[in-house]
Every structure is written in C-alpha cells, then in structure tokens.
Amino acid sequence: MSLEVDDLRIEIGGRTVVDGVSFAVPDGGRVGLIGESGSGKSLTALAVLGLLPDAATATGSIRWNGREILGLPDRELARLRGDDIGIVFQEPRTALNPIRTVGRQIGESIRIHEGVPRREALRRAVAEAERVALPDPARIVGRYPHQLSGGQRQRVAIAMALACRPQLLIADEPTTALDVTIQAGILTLLRSLVQDAGMSLIFITHDLAVLAQVATHAVVLEHGRVVEQGAVEDLLRSPSSPVTQALLRDATATLWHPEIGRDEGDAS
C-alpha cells in the first residue's frame, strides 16, 4: 500500500471532527473521500499532508510507503509535499499568487525540489502547461492568474501539483467552482494524467456522479466517521447506508447513468 490511514482522530478546540477514520490507497489506486460539508473529508486530506490548522491535534497512524508520517517535523513534510504527494485545491483563484506569472508558479516547485536553474524551470513549466492541455503554452506561462479563465487556472493548479511527478495526487473538490462543461474537461484530464503516470489518487467530493468519473473505490464520511466504503460501482448501484443513498439522490444525473456507469460522452 502506498498510503495507509488507520484510526485517524482529529480534535479542534476539544471537539472531535474526525473520529477513527481508516482507509488505504494502493499503488496506482484511485480512492474517493465523499460526504457533505463538515463530514471531515478535507481535514483528513490535510492531515495526510501535515497541513492541519494550528489548533488541531491528530492521533492514530498515517503511513506513506510503510513510513509513519503523522507528526513528522514540518521540514520533512515539506520535502514530502511536491516530491511524493501533490495537492490540487478547490479554488485556484486563492491557490495561485496573483502577482506572479503562472509559468513562474509552475516552475517554482521544480526549482525548490529539484534545484534546477530558473531558465530550465521555465522550460519545464511550458512542457507542464502543454501536458495539462493549456492553449498556446509558450505564451500562457507569461500570463497572470487573473488573465485566465477558471478552467485554465485549475489546469495551472494541476500542472503545479504534478510538476515534480508525485506518486500520490490529492484533489480536493477541484471542479466544484466550475460549470458543468468545464468540469467534465477537468475530470477527463485528471483521470488521464493519473492513469498515464500510474499515480495514486485521493479525490474529495460531495458528488457521487463526479466521483464515478475518476475513482474506483469510495470512502463515505458523515460527521467525521466512515459510514460505508467499497467499490464506487457497488455504492452507486446498491448503497447500504442512508448517507450514501442521500448522496446518490443528489448526484449529478447528467454525468452518470446507472445502465452504463459512465459519462455517455466518454468513449474511452
């Protein structure tokens, strides 16, 4: 297993917000954390990255390739982030620096983690922009975030997360702020990038239909606890918990159809 989370508990201000969460992500596995707002899915991901709020305390175990990483010093966790584990957040407008070109931001992690010169980092940034299907990559890396569309900014965020070829990508509701058409393109991009590179994926969402596009296994959370987990296809066809049943009723019907279990426009 590349990632193993065992009995993870997170407290903030004396209140338990994640209570005994356990799941595993095998090498090349694609796992979804799904639940309504406040279910603990994003906090679980932040614990994996060592990015919990200062007021939070976490216990249990998080093992990365057999090594315990919960409680590691921030310097060691900083090396882990980017090199081994990448993160894409929900809102790229806040994740990107508004006063730096997107090329500089894509290349920054390459410079930090690989120590390459600025010119080489920029060359790599152009290649990464092309990899995530940004139009006219050589030109777009010279632009600032406000000059790009929402979908383009999210592609920049994905390029930043994958620039150092991490083994695991955590995508925290990366399509929620986008309209349905752009959302579908980002989901297709993420799925293809993960599959082509053989990466593991943790995909966080509140929408089972969206999850079905990118993940094969799902962990359903409610009030910080796991209420159900299993193959996404099984949860879509026969959910056992009331939480999963409610999520299925609220799923984006245009993206998933029970009779085929896939986006009707997806021929891959």
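From the largest down, segment 209-249 spans 25, 17, 15 angstrom on the principal axes of its Cα atoms. Segment 1-78 and segment 113-171 have Cα centres spaced 27 Å apart. Calculated mean residue ellipticity, 222 nm, the chain: -11500 deg cm²/dmol, from DSSP H runs (n ≥ 4) at -39500 (n - 2.57) each, averaged per residue and rounded to 500.
Shape descriptor for segment 103-155: Rg over Rh equals 0.97 (Cα atoms; Rh from the Kirkwood inverse mean 1/r).
Given the peptides 69-81, 147-159, arrange them by the average over their residues of other C-beta atoms within 10 Å, most packed first. Don't jump to the answer; show the numbers that get you there.
Values: 69-81: 14.2, 147-159: 22.0.
The densest-packed peptide leads the list: 147-159, 69-81.
When ranked by the protection proxy of mean other Cβ atoms within 10 Å per residue, highest first, what sequence do the peptides 20-26, 43-49 form?
Numbers: 20-26: 17.0, 43-49: 22.1.
Ranked by mean Cβ neighbours within 10 Å, highest first: 43-49, 20-26.
Within the shell defined by Cβ-Cβ distances under 14 Å, the residues around I99 carry a net charge of +3, with Lys and Arg each +1 and Asp and Glu each -1.
Among R15, R249, R124, the largest mean-square fluctuation in a Gaussian network model of the chain (Cα springs under 10 Å) belongs to R15. Comparing H206, H113, H217 in a Gaussian network model of the chain (Cα springs below 10 Å), the most mobile by mean-square fluctuation is H113.
Run the Debye formula on the Cα coordinates of segment 67-220, all scatterers equal and no solvent, and tell me log10 I(q)/I(0) at q = 0.12, 0.14, 0.17, 0.20 1/Å. Ignoring solvent entirely, the Cα scatterers give -0.49, -0.67, -0.99, -1.32. Which net charge results for the neighbourhood of T59, defined as the other residues with beta-carbon distances under 13 angstrom from its beta-carbon, given Lys and Arg at +1 and Asp and Glu at -1? Value of the local net charge: -4. When the chain is treated as a GNM with alpha-carbon contacts under 10 Å, the residue of P117, P145, P92 showing the greatest mean-square fluctuation is P117. The alpha-carbon positions of segment 1-146 define a convex hull whose volume is 144 Å³ per residue.
Under the classification rounded if a/c is under 1.5, otherwise prolate if a/b is larger than b/c and oblate if not, where does segment 20-83 fall, given a ≥ b ≥ c as square roots of the Cα gyration tensor eigenvalues? Please list the in-between numbers first.
Numbers: a/c = 1.68, a/b = 1.12, b/c = 1.50.
Note, shape of segment 20-83 comes out oblate.
Rounded, prolate or oblate: pick one for the chain, where a ≥ b ≥ c are the square roots of the eigenvalues of its C-alpha gyration tensor, a/c under 1.5 means rounded, and failing that, prolate if a/b is larger than b/c, else oblate.
Numbers: a/c = 1.85, a/b = 1.22, b/c = 1.52.
Verdict is oblate for the chain.
Only the coordinates and a few stated rules stand behind these numbers; no lab work does. Source: prediction; values computed, not measured. Quick reminder, even Gly has a Cβ in these numbers, built from the backbone with ideal geometry, and neighbours come from all protein chains shown.
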